[in-house]
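K.L.:
Could you have a look at this structure, given as structure tokens, before my questions?
The values are calculated or read from the model by the stated rules, or taken from the named source; none is laboratory data. All figures in this text were calculated on a predicted structure; none of them were measured in a lab. We place every Cβ from the backbone using ideal geometry, glycine too, and count neighbours over all the protein chains shown. Please note that ligands, DNA and RNA were not included when accessible areas were found on the heavy atoms of the full protein model with its side chains. Shrake-Rupley method; radii C 1.70, N 1.55, O 1.52, S 1.80 Å.
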Number of protein chains: 2
Amino acid sequence: MDDLPPLDLSADVLSLTRALVDAPSVSGGETALADAVEAALRDLGGLEVERIGDAVLARTNLGRPTRVVLAGHLDTVPIADNVPSRLDEATGRLYGCGTSDMKSGDAVMLRLAGRFGVPGAEPAHDVTFVFYDNEEVEAVKNGLGRVARERRGWLYGDLAILMEPTDGEIEAGCQGTLRAVLETRGRRAHSARSWLGVNAIHALTGAFTALAAYRPREVEIDGCLYREGLNAVGVSGGVAGNVIPDEASLTINFRYAPDRDEDAAEAHVREVFADAVAAGATLTVVDNSGGALPGLSEPAAAAFIEAVGRPARAKLGWTDVARFSAFGIPALNYGPGDPQLAHTREEHVLVDRLQPAEDALTAYLSGSTA
Amino acid sequence: MDDLPPLDLSADVLSLTRALVDAPSVSGGETALADAVEAALRDLGGLEVERIGDAVLARTNLGRPTRVVLAGHLDTVPIADNVPSRLDEATGRLYGCGTSDMKSGDAVMLRLAGRFGVPGAEPAHDVTFVFYDNEEVEAVKNGLGRVARERRGWLYGDLAILMEPTDGEIEAGCQGTLRAVLETRGRRAHSARSWLGVNAIHALTGAFTALAAYRPREVEIDGCLYREGLNAVGVSGGVAGNVIPDEASLTINFRYAPDRDEDAAEAHVREVFADAVAAGATLTVVDNSGGALPGLSEPAAAAFIEAVGRPARAKLGWTDVARFSAFGIPALNYGPGDPQLAHTREEHVLVDRLQPAEDALTAYLSGSTA
């Protein structure tokens, strides 16, 4: 892969966002962009820099009493005829793959590195920058997970801010997500003699009624309202139009507030479907990622909220903040992108979201308020 | 395709069955076998013979007061390493594709043609032989259906006997079969914010409970017990593990007794799912083939039952007898094959079922009783 032109961290945040978007970096193909980011950070002269695969880690070591970790992934979902970027001046939108999710966040991080990662800079907190790969694909490939396994010390801090798109709001913690498959078995028979068989699709009825009767919980933690949800996200069964089916399955997704841990979430799902299981169904948890508590009572988090000048709200989706939470580090989501547009062909970012994000973080890291 | 060796209708019914099985005739590839059957029937000298595509029609025209139609399809399902035929002397089984479904029946028909289709023969009834193609594939290709459309007169008679496998029993009429698809619509949303969406899988719940509460009817007609059944034979829905699905569907098969016609069957299914439809689901009937009344009170049928010497029972599956029933012709299923083995790799026929079937029909057509 050809080298990219050097990144100019002194350019404004919009220009920097465009430069990042115009450097394609679909998951698994981040190397050129990671090279450019690494080179730009090393050039600053005030940062300890380490490269781990296509993750680029950089930090100040100024002996400040607190450390703030800023994290963002470099990869994008596959391009959908939306690279290079396109600026629509009339609507103030920058279109392109990764504009929202999350190269605008990466651009803010690079601007902050350019300000606080140079010799003589005086941030109020030490700062760690984590740019990582493979966020948009299977969890096992996730670059932040790899850093957590191989260089855990790089992730420690008093507050982590993940710059995933939040539309400029502070979204605290995240909900957990559990997926389970409920499978029923029956006995195959010709449908003209259905009483000789046992219909595995019909055997799902109890699970359907359990879902229909389910009332999801809402819970407030640190002033943030988390809303749970238990949903079927897939159902399948059937052999042929004239056969009583002997297998059927229902895939369930439970989104749960961070006051439940993974075990408690699984126990809850098993309780909901206890009757179906007692009737012979099997329930298998296929993945389960715990959420992250908002941690807003931590002083470092409170100061950041003050700097942004807006109240925090609950993060409902699961994000990589949970990887920080697993180490007991309070973690927030805060980014200029629009989460509704992530992964769409029409992905764009509102240009006027960019500078306020940079300014709020600059104020926070400087120790002043916005 | 090469010509087959001539069929010897004077050979015993087992040899004739083997000759037919050893002449592959998967649906759509019946021409060589139809050619051989046509040639053998023409050679007899006492039959009017007509060829329509790969259907071969032959009949006596002796001015008898009654006419009996014997029908059998020449095609088979795809071969599964089970041609040529294999005779297992120890168990008295002839193995091979089509042995049960239904070349053993065809062989009985050819034996009867050899006896009653020659000059000077004196059957008690005029006899029509219908050998047809494409029974094992889509109904639109069915050779008997084509004959019904193009040469309806060939199918008229006082009794039709379809020689599909019945294990040597008389199975009267047939049940109807209706397939319908119940579709629900919702609104897609990320499963972390499930309340923004409408879950189309959950919307199937009413249909599931309707199926669970359904009690199928049993009805006796002409002494035959028909057992209905209403079953889900397929279910599908789901977009991705983190998406509230906006579409789901349930495929339903209703097997109904022949005292309901097609319209009554559809009305019944619509009544069962009325609540689901009222709640927004759509119900589409995708196919509906009415059944056939047993017609056992007709004199020609009663005489045949007497010849076989066993009581008739209800035919539960749908068969081509319904095509005769549509013209008001009483129709029975009677064949030496085993319906349980049809379409299996292990398909076989019990050798000692063959001669009794030939003998019973010979007695009936001769006007004597067995």
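K.L.:
Counting only protein heavy atoms, what percent of the accessible surface of chain B is carbon or sulfur at a 1.4 Å probe? Show your work: numbers first, answer last.
P.N.:
Values: 6920 of 14320 Å².
Reported share for carbon and sulfur atoms: 48 percent.
K.L.:
With charges set only on the Cβ (+1 for Lys and Arg, -1 for Asp and Glu), what does the dipole of chain B come to about its Cα centre, in debye to the nearest 20? All intermediate terms of the calculation are to be shown ahead of the outcome.
P.N.:
Details: 33 positive and 54 negative charges, 235 e Å.
So the magnitude is around 1120 debye.
K.L.:
A further question on this structure: Please report, in cubic angstrom per residue, the volume enclosed by the convex hull of the alpha-carbon atoms of the range B:1-86. Don't skip to the end; give the middle numbers.
P.N.:
Numbers: hull volume 9.9 nm³, N = 86.
In the range B:1-86, the Cα hull volume divided by residue count equals 115 Å³.
K.L.:
How big is D for chain A, in µm² s⁻¹ as a whole number, if Stokes-Einstein is applied with the Kirkwood radius of its Cα pairs at 37 °C and 0.692 mPa s? Working shown, then result.
P.N.:
Numbers: Rh = 22.1 Å.
This corresponds to a translational diffusion coefficient of 148 µm²/s.
K.L.:
Can you tally the net charge around B:Ser27? Count Lys and Arg as +1, Asp and Glu as -1, for every other residue whose Cβ sits under 9 Å from the Cβ of B:Ser27.
P.N.:
Working: positive: B:Lys141; negative: B:Glu30, B:Asp75, B:Asp133, B:Glu135, B:Glu136.
Here the charged neighbours net out to -4.
K.L.:
Tell me, what is the percent relative contact order of the range B:35-146, built from C-alpha pairs under 8 Å that lie six or more residues apart? Please list the in-between numbers first.
P.N.:
Working: 182 pairs, mean separation 40.8, N = 112.
Once normalised by length, the contact order is 36 percent.
K.L.:
Mind checking the dipole of the protein assembly as shown: about its Cα centre, +1 per Lys or Arg Cβ, -1 per Asp or Glu Cβ, Debye to the nearest 20? Can you show the working numbers first?
P.N.:
Numbers: 66 positive and 108 negative charges, 261 e Å.
Its charge dipole is roughly 1260 debye.
K.L.:
In Å² (nearest 100), what accessible area is buried between B and A, both sides summed, heavy protein atoms only, 1.4 Å probe?
P.N.:
Working: alone 15870 and 15910 Å², together 28680 Å².
Roughly 3100 Å² of accessible surface disappears when B and A pair.
K.L.:
Same structure, new question: Compute accessible area for the range A:224-252 by itself and then with all protein chains, 1.4 Å probe, and report residues whose area falls by 30 Å² or more.
P.N.:
Residues shielded by partner chains are A:Arg227, A:Asn231, A:Ala232, A:Val233, A:Val235, A:Gly241.
K.L.:
Among B:Ala172, B:Gly291, B:Gly280, which residue has its Cα positioned farthest towards the positive end of the charge dipole of the range B:165-309, with +1 placed on the Cβ of Lys and Arg, -1 on the Cβ of Asp and Glu, and the dipole taken about the Cα centre?
P.N.:
B:Gly280
K.L.:
Given the convex hull of the Cα atoms of the range B:240-342, what is a quarter of its surface area in nm²?
P.N.:
Values: hull surface 40.8 nm².
Value for the range B:240-342: 10.2 nm².
K.L.:
Let me ask you something else. Report, in debye and to the nearest 20, how large the dipole of the range A:174-276 comes out about its Cα centre when Lys and Arg carry +1 and Asp and Glu carry -1 on their Cβ. Spell out each step's value before the answer.
P.N.:
On the way: 11 positive and 14 negative charges, 143 e Å.
It works out to roughly 680 debye.
K.L.:
Which Cα, out of A:Tyr156, A:Pro119, A:Ile201, lies furthest along the positive dipole direction of the range A:96-250 (beta carbon charges, K/R +1, D/E -1)?
P.N.:
It is A:Ile201.
K.L.:
While we're here: Given a 1.4 Å probe, how much area per residue of the range B:1-75 is accessible, in Å²? Could you put the intermediate results ahead of the total?
P.N.:
On the way: 3040 Å² over 75 residues.
Accessible surface, normalised per residue, equals 40 Å².
K.L.:
To the nearest 500 deg cm²/dmol, what mean residue ellipticity at 222 nm is calculated for the protein assembly as shown from DSSP H runs of n ≥ 4 alone, each contributing -39,500 (n - 2.57), summed and divided by the residues? Let's see the in-between values first.
P.N.:
On the way: 20 runs with 194 residues, N = 740.
Only helices count here, giving -7500 deg cm²/dmol.
K.L.:
Over the heavy atoms of B:Asp22, what accessible area does a 1.4 Å probe trace out, to the nearest 10 Å²?
P.N.:
For B:Asp22, solvent-accessible area is about 70 Å².
K.L.:
Looking at chain B, send over the antiparallel percent of its DSSP beta bridges, to the nearest 5. All intermediate terms of the calculation are to be shown ahead of the outcome.
P.N.:
Numbers: 50 of 68 bridges.
The antiparallel fraction comes to roughly 75 percent.
K.L.:
At 7 angstrom along the Cα-to-beta-carbon line, where would the label on B:Gly223 sit relative to the other copies? Give the distances in nm, shortest first.
P.N.:
8.7
K.L.:
Taking the Cα atoms only, what angle lies between the long axis of helix A:104-116 and the longest principal axis of chain A, rounded to 10 degrees?
P.N.:
Rounded to the nearest ten degrees, it is 30.
K.L.:
What accessible area per residue, rounded to a whole number of Å², is obtained for the range A:111-164 using a probe radius of 1.4 Å? Could you put the intermediate results ahead of the total?
P.N.:
Working: 2000 Å² over 54 residues.
Per-residue accessible area for the range A:111-164 comes out at 37 Å².
K.L.:
Let me ask something else. Run the Debye formula on the Cα coordinates of the protein assembly as shown, all scatterers equal and no solvent, and tell me log10 I(q)/I(0) at q = 0.05, 0.07, 0.08 1/Å.
P.N.:
-0.43, -0.67, -0.75
K.L.:
Can you work out the base-10 log of I(q)/I(0) for the range A:60-198 at q = 0.19 1/Å, using the Debye formula on its C-alpha atoms alone?
P.N.:
The Debye formula, applied to the Cα set alone, gives -1.26.
K.L.:
Take peptide A:212-218, look around each residue's Cβ out to 10 angstrom, count Cβ atoms belonging to other protein chains, and average those counts.
P.N.:
Values: counts 8, 1, 1, 0, 2, 0, 1.
What the average comes to for A:212-218 is 2.
K.L.:
Sticking with the crude label model, points 7 Å out along Cα→Cβ, report the distance from A:Asp3 to A:Arg152 in nm, one decimal please.
P.N.:
Simple spin-label model gives 3.8 nm for this pair.
K.L.:
Just order B:229-239, B:282-292 by mean Cβ neighbour count inside 10 Å, highest at the front, would you? Walk me through the numbers before you get to the answer.
P.N.:
Numbers: B:229-239: 22.0, B:282-292: 17.8.
Going from most to least packed, we get B:229-239, B:282-292.
K.L.:
Another question about this same structure. Distance from the Cα centre of the range B:234-251 to that of the range B:256-330, in angstrom?
P.N.:
So the separation of the two Cα centres works out to 33 Å.
K.L.:
On to the next question. Please identify, among A:His125, A:His73, A:His268, the residue showing maximal mean-square fluctuation in a Gaussian network model of chain A using a 10 angstrom Cα cutoff.
P.N.:
Greatest mean-square fluctuation among the candidates belongs to A:His268.
K.L.:
Which percentage, to the nearest 5, of the DSSP beta bridges contained in the range A:1-156 is antiparallel?
P.N.:
60 percent
K.L.:
Determine the per residue accessible area of the range A:328-368 with all protein chains present and a 1.4 angstrom probe, expressed in square angstrom. Before the final figure, lay out the partial values.
P.N.:
On the way: 1510 Å² over 41 residues.
Ligands and nucleic acids excluded, the figure is 37 Å² per residue.
K.L.:
Evaluate 2.2 N^0.38 Å with N set to the residue count of the range A:122-219, then give the Cα radius of gyration divided by it.
P.N.:
Dividing the Cα radius of gyration by 2.2 N^0.38 Å gives 1.91.
K.L.:
How many partner chain Cβ atoms sit within 10 Å of a residue's Cβ in peptide B:192-201, on average, as a whole number?
P.N.:
Numbers: counts 14, 8, 10, 5, 0, 2, 0, 6, 2, 10.
Average per residue, whole number: 6.
K.L.:
I'd like to know which of A:Gly328, A:Ala19, A:His348 lies farthest towards the positive end of the charge dipole of chain A, counting +1 on Cβ of Lys and Arg and -1 on Cβ of Asp and Glu.
P.N.:
It is A:Gly328.
K.L.:
Something else now. In whole angstrom, how long is each semi-axis of the equivalent ellipsoid of the range B:174-269, when you take the square root of 5 times every eigenvalue of its Cα gyration tensor and sort them from largest down? Intermediate results must be reported in sequence, preceding the final value.
P.N.:
On the way: eigenvalues 262, 22, 18 Å².
They are 36, 11, 9 Å, listed largest first.
K.L.:
If I ignore ligands, DNA and RNA and count only protein heavy atoms, how much of A:Phe327 is accessible to a 1.4 Å probe, in Å² to the nearest 10?
P.N.:
Result for A:Phe327: roughly 50 Å² accessible.
K.L.:
Just the projected area, averaged over all directions, of the convex hull on the alpha carbon atoms of the range B:260-307: how many nm²? Before the final figure, lay out the partial values.
P.N.:
Values: hull surface 18.3 nm².
Averaged projected hull area, Cα only: 4.6 nm².
K.L.:
Separate question: Taking the DSSP beta bridges in the protein assembly as shown as the whole, what percent of them are antiparallel, to the nearest 5?
P.N.:
Details: 105 of 141 bridges.
Here the antiparallel bridges make up roughly 75 percent for the protein assembly as shown.
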